[in-house]
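Visitor: Sharing a structure below in structure tokens format, with a few things to ask.
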Amino acid sequence: MIPIRFDHADAAAGILQQWEAAGCSHADASSDKPPFSIVIPPPNVTGALHLGHGLNNTLQDIVVRRKRMQGYETLWMPGTDHAGIATQAVVERRLKENENQTRHDLGREALVDRIWQWKDQYETRILNQLKRMGCSCDWERLRFTLDPVCAAAVRATFFDLFQKQRIYRGKRLVNWDTFLQTAVSDDEVFNETKKGHFYHLRYPVIDPQSGEPESLEIATTRPETMLGDTAVAVHPDPASAFDQVAAGLQEKLAEASEKEKPAVEQQITALEKRRDEMLPQLLLLRDMAADGRKLRLPLLDREIPIVADEWAKPELGTGCVKITPAHDPNDYEVGLRCQLPMLNVLQPDGTINAEGGKYEGLTIPAARKAVVADLDALGLLGDVEDREIELPISDRSKTPIEPYLADQWFVAMNELAQTAMDAVADERVQIFPERYRRGYLDWLSEKRDWPVSRQLWWGHRIPIWSTGGLSQSEANELSDQLEKVAQQHPGQISHRIDADSDDTVAVFVCVRDEDETVEADVQSLGLAQDPDVLDTWFSSALWPHSTLGWPAETAELAKFYPTSTLITSRDIITLWVARMVLMGLNNLGEVPFSEVFIHPKILDSFGKTMSKTAGNGIDPNDVTDKFGPDALRFGLARIAGDTQDVRMPVQFECPSCEKLIDQTRKTQKLPRLDCPACGKPFSTQWAETEEDKALPKGAVVSERFETARNFVNKLWNASRFTLMNLEGFQPQSIDVASLPIEDRWLLSRLSSVTEQVSEGIDRYQYSEVARILYDFAWDEFCSFYVEIAKPRLSDPEQKAMTQNVIAHGLDQLLRLLHPIMPFVTESVWSYLGGLAPRRGVPEPVNAGAFVMTSEWPTAHADHHDVKIERQFSEFQKIIGAIRQIRASQNIKPSETVPVAIRCDESSRELLEPMKAYFASLASADIVAIGSDAKPFETDAHLGLPEVDVDVHVDLEKFIDVDAELGRLEKLLSQITGQISGKENKLNNESFVSRAPAPIVAKERESLTGLREQYASVQNDISRLKAKKR
RNA sequence: GGACGAUUAGCUCAGUUGGUUAGAGCGCCACGUUGACAUCGUGGAGGUCACAGAUUCGAGUUCUGUAUCGUCCA
């Protein structure tokens, strides 16, 4: 006997096993079915999956399962990403916390070993999370961005780009993380406003001419960087710079609201004053720069020039700005323009290097203190102002970023970016929702070269061997030797000679395959491999083809590339999606996917991004534990509309009483809480003390999944009812036209729903699909069809036919729901198969072992019948009217009420055979039906003018006159309101003359109906009042 | 500073090309448990559609502006 509840915990593991044993999700590259393929956005091995991944993977699985059912050879390629810096940072942080060691204590090899251990642990966890969610990836294929297959793709790509001169070496100011001692990308830096100081310093002028100042004053928030100063800049044309700023302010004034105007006016006055006071001095400075006057840099006693550059803003500070090209992005640009030396004063660990003279070895804060004190002692320190400073912070180590000049490998983006832009512009790649196109195109149009070096140990080592400091002839000789090595290893070696410094050159060799012999041959010539690794996104960019075996010409690649669609989140459209497109085009000449769907991001109820660090992160496993995998998936699908964010309230689940407790901003971060329901304490992810850790842990979940769990239960129980009534099931052919209205209504609805669901999935309208299925399953299949089936199944004459139709209805519903709720549908499917293995309308067919591999339903256009649906809706309205009257009279469901239905002849023909259903749906006994049906002596009446029906309920046994009068009065006031609304509208001359005639006619008609209804209700009221007396 | 999105019932969200008195789920209130389901059923209460203008016979829906929140980019 089928149990009363679906025990997901019990069922899920078995179902997974059966699917696996039957190879349901394995893709066959040699199949002749049309291909459909998706690559998983590889989750980071940094940590476990959160609900955002849950959403992402649910949406993919829905598409994948649906396509598989449609008969495509479907590959969902799983895998994980090594996430270079993030993973290394996590492991390094733990190393520091647990063993108080740095990576340098451990050494490269040992650290990388540790990270592999971490990776193994989290990869296992991640894959289990995906499997538990029911993700139907091809688990026989599994890639990792650092595995040998992906590594071969990385090497081949790098080699190719190197040969095409699209990879070059250059110096670049990078965001240097002094803690992790690596450059981090712009995306890994956030800004924080901190309190700091604005120091005014004076640099003496060397040999000032008469009338010229003895010293120049500059101001800085980072005084220690003066050690690296190589110039002071002034504006080349201060007068027109002032004019330009003034013009800008005037423009702003013209656009300003009254409220803002005074502030802008004030700015203009201040600017004018400043111009008057400062312009002569600034012109003088400009002339000094032109004249080649120099400054003496204090503390280091170095001569530095005054240069003219527009970066010096006359309207700010003293109008002079110190230039530190190696430690400030803007100054770097000035340095390039004015050909200034780039003087690096930092060690990789953030201490001052030998260039800093006596400050060598000091940390930045210590150097700052010392520099300021020494300048003060020399009388060269001016004002020190308090000021708020925007400080760049590394997202990885949470320590301040230092701009730092370093050698980096770059990918030239000019042409590559253009190919990726073209692919989207001409819609070879379509992005949904469409609004995300713009961000993609804008970002690519900047065509900024891509710095791919990372000073890390975890990642693909850059396949470049080099040696520097050579004379041109030495280099040529080496080049000749390399040619010889290259001949021994055809297609494996590419090299180039490049300037190293002003008078020396370096030789760079790129080795294609990871081949120890080749590498050894190169090394024997005195070349050493670059210590850096590649940006993670370099390997991720190859994911759609590297996972299929490229550069090898595999059957998988032939069958499944290009992939069909990519489903991901918007924050990596540029970092990942754009780069996959250009790499796919470069390596294979074909876009990697034709459609990209960007799904929303999940926020908590305060509008904050969900994350573990915020304490509001939900683990999909916790939701599955509590509500089941189907509820998790359905709950996620139903929130996936086309907005960019969705909110999800977050609760703690009390481990003692299972109550859900709303998170507040405060409780999100507490190590322990007391359950307000049962009073017992529990711990959270923040628990640190032994005492707190000993408490049972409260999971973080969301009540949003409760609805979905209830839906699973509803489906289960409707199935249970159906199965309990399939005894003696005999498959039979069915003539649809001869079926009673309720069956044809079901088939018609199934036809519409199938079409809507198919179209919805094609357009990635998940929330719409979930809603349609929920409403159909609950409000139509359960609330009406199953209820109506009850009397029919106990009628021997109708039983067999009804069994066939309801089995078909359930069968179709299971198929339609399967992509969203795979477990419960599979479970019911196997019960159904036990009782009715051959089923279907109009012709029964063998259903197959798994719903997962069953055929996706087709929408039978010939089953769709507008008239039947309209007629059935009339029936539903009458049921509603009877229920309304019953409820207002407080009549118990166990009591049957006599009902008379006044309607026209065609309705009578329709409703006559349905009389029994009024009993099961509304406990009503239809005593009269048709045009001659009359009100009862003790009558309650509800008119349905839109279908020209009057419903009369006999209240003889039940009448509560006051309750009935109450109901009627309320009804009357509603009608009155509507009538006056309509009258106003129709009395409005311009409405009548200007609105389209059909609209006006409709309003007139509806007013007439309302007036009739009014009269009728009023009549009922006076009748009742008379009776009362 | 720029781009994008959101603002509709206590909460989370639907609302198709403008056209009856704006819907759902959860929560709330009332009633109901002898076989599909209390993870349920039936009924009910609850909304100046953020604000201000404009277009229109008519605006939750179109346009302009403002505010608040969020995300991304500088």
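Visitor: Can you give me the C-alpha center-to-center distance between region A:862-905 and region A:150-202, rounded to a whole angstrom?
Guide: Using only Cα atoms to place each centre, the spacing works out to 71 Å.
Visitor: Could you give the distance between the Cα centres of region A:966-1029 and region A:214-243, to the whole Å?
Guide: Region A:966-1029 and region A:214-243 have Cα centres separated by 81 Å.
Visitor: How are the C-alpha pair distances of region A:480-630 spread across 5 Å bins, as whole percents from the shortest bin up?
Guide: Reading upward from the zero bin: 2, 7, 11, 11, 11, 13, 13, 10, 7, 6, 5, 3, 1, 0, 0.
Visitor: Which loop trypsin sites (Lys or Arg not before Pro) in region A:653-733, with loop taken from DSSP, have no more than 11 other Cβ atoms within 10 angstrom of their Cβ? All intermediate terms of the calculation are to be shown ahead of the outcome.
Guide: Numbers: sites: A:Lys659, A:Arg665, A:Lys666, A:Lys669, A:Arg672, A:Lys693, A:Lys697, A:Arg704, A:Arg709, A:Lys714, A:Arg720; in loops: A:Lys659, A:Arg665, A:Lys666.
Listed in order of number, the matching sites are A:Lys666.
Visitor: Per residue, what volume in Å³ does the Cα convex hull of region A:620-702 take up?
Guide: Measuring per residue, one finds 99 Å³ for the Cα hull of region A:620-702.
Visitor: Which of the cysteines found in chain A have nothing to pair with, since no other Cys Cβ lies under 4.7 Å from theirs?
Guide: Cysteines of chain A left without a disulfide-compatible partner: A:Cys24, A:Cys135, A:Cys137, A:Cys150, A:Cys320, A:Cys338, A:Cys510, A:Cys782, A:Cys903.
Visitor: On to the next question. How would you rank A:Cys137, A:Cys320, going from fewest to most other Cβ atoms within 10 Å of each one's own Cβ?
Guide: So the ranking, lowest neighbour count to highest, is A:Cys320, A:Cys137.
Visitor: Region A:588-611 to region A:772-802: how many Å between their Cα centroids?
Guide: 40 Å
Visitor: May I pose another question? Where does chain A land at 222 nm, in deg cm²/dmol rounded to the nearest 500, when only DSSP H runs of n ≥ 4 count, each adding -39500 (n - 2.57), divided by all residues?
Guide: Value at 222 nm, helices only, nearest 500: -14500 deg cm²/dmol.
Visitor: Any chance you could get the radius of gyration and Dmax over the Cα atoms of region A:264-384, in Å?
Guide: 16.9, 50
Visitor: Another one. If you only keep lysine pairs separated by 8 or more in sequence, or across chains, how many in region A:900-1022 come under 20 Å at the Cα atoms? Spell out each step's value before the answer.
Guide: Values: A:Lys915/A:Lys934; A:Lys934/A:Lys957; A:Lys970/A:Lys982; A:Lys982/A:Lys1002; A:Lys985/A:Lys1002.
Pairs that pass both the separation and distance tests number 5.
Visitor: Under the definition of Cα pairs under 8 Å and six or more residues apart, what whole-number percent is the relative contact order of chain A?
Guide: Working: 1756 pairs, mean separation 117.7, N = 1029.
Normalised by residue count, the contact order of chain A is 11 percent.
Visitor: Note the angle between two axes, namely the Cα long axis of helix A:108-132 and the longest principal axis of the Cα atoms of chain A, as a number of degrees from 0 to 90, rounded to the nearest 10.
Guide: Between the helix axis and the principal axis of chain A, the angle is about 10 degrees.
Visitor: If you don't mind, there's one more thing I want to ask. Quick one: helix A:961-987 against the long Cα principal axis of chain A, what's the angle to the nearest 10°, folded into 0 to 90?
Guide: The answer is roughly 60 degrees.
Visitor: I need the chymotrypsin sites (Phe, Trp or Tyr not before Pro) found in region A:657-728, filtered to DSSP loop residues with at most 12 other beta carbons within 10 Å of theirs. All intermediate terms of the calculation are to be shown ahead of the outcome.
Guide: On the way: sites: A:Phe682, A:Trp686, A:Phe705, A:Phe711, A:Trp716, A:Phe721; in loops: A:Trp686.
Passing sites in region A:657-728 are A:Trp686.
Visitor: Rounded to the nearest 0.05, what FRET efficiency do A:Ile268 and A:Arg387 give with R0 = 30 Å and r taken as the Cβ-Cβ distance? Could you check?
Guide: Numbers: r = 24 Å, r/R0 = 0.79.
Efficiency for this residue pair is about 0.80.
Visitor: What percentages make up the Cα-Cα pair-distance distribution of region A:882-1028 when the bins are 5 Å wide from 0?
Guide: It works out to 2, 9, 17, 19, 16, 14, 10, 7, 4, 2, 0, in whole percents.
Visitor: Moving on to the next point. Taking the number of other C-beta atoms within 10 Å as the exposure measure, put A:Ile464, A:Ile573, A:Ile389 in order starting with the fewest. Please report the intermediate quantities before stating the final value.
Guide: Details: A:Ile464 22, A:Ile573 18, A:Ile389 14.
Starting with the residue having the fewest Cβ neighbours, the order is A:Ile389, A:Ile573, A:Ile464.
Visitor: On to the next question. Using only Cα positions of region A:706-864, each an equal point scatterer, no hydration layer, compute I(q)/I(0) via Debye at q = 0.08, 0.09 Å⁻¹ and quote the log10 values to two decimals.
Guide: Each listed q corresponds, in turn, to -0.20, -0.25.
Visitor: If you consider only alpha-carbon coordinates, what radius of gyration and Dmax does region A:183-404 have, in Å?
Guide: Here Rg and the maximum Cα pair distance are 18.8, 57 Å.
Visitor: Given a cut-off of 26 Å, name the pairs among A:Lys666/A:Lys714; A:Lys892/A:Lys1027; A:Lys659/A:Lys892; A:Lys119/A:Lys164 whose C-alpha atoms lie farther apart than that in the structure shown.
Guide: A:Lys666/A:Lys714; A:Lys659/A:Lys892; A:Lys119/A:Lys164
Visitor: Using only Cα atoms, find the angle between the long axis of helix A:364-377 and the longest principal axis of chain A, and express it within 0 to 90 degrees, rounded to the nearest 10.
Guide: 50 degrees
Visitor: Would you mind computing the Rg to Rh ratio of chain A from its alpha-carbon coordinates, Kirkwood style for Rh? Numbers along the way, then the final one.
Guide: Working: Rg = 38.2 Å, Rh = 35.2 Å.
Reported Rg/Rh, Kirkwood definition of Rh: 1.08.
Visitor: How are the C-alpha pair distances of region A:923-983 spread across 10 Å bins, as whole percents from the shortest bin up?
Guide: Reading the bins upward from 0: 19, 44, 30, 7.
Visitor: Count neighbours as other Cβ atoms within 10 Å of each site's Cβ, and list the GluC sites (Glu not before Pro) in region A:822-927 that are DSSP loop with at most 15 such neighbours.
Guide: Filter output for region A:822-927: A:Glu855, A:Glu895.
Bear in mind that the values in this text are calculations on the coordinates, not laboratory data. For clarity, every value in this text was computed on a predicted model and none was experimentally measured. Positions of Cβ are generated from backbone atoms using ideal geometry, with glycine treated the same way; all protein chains shown enter the neighbour counts.
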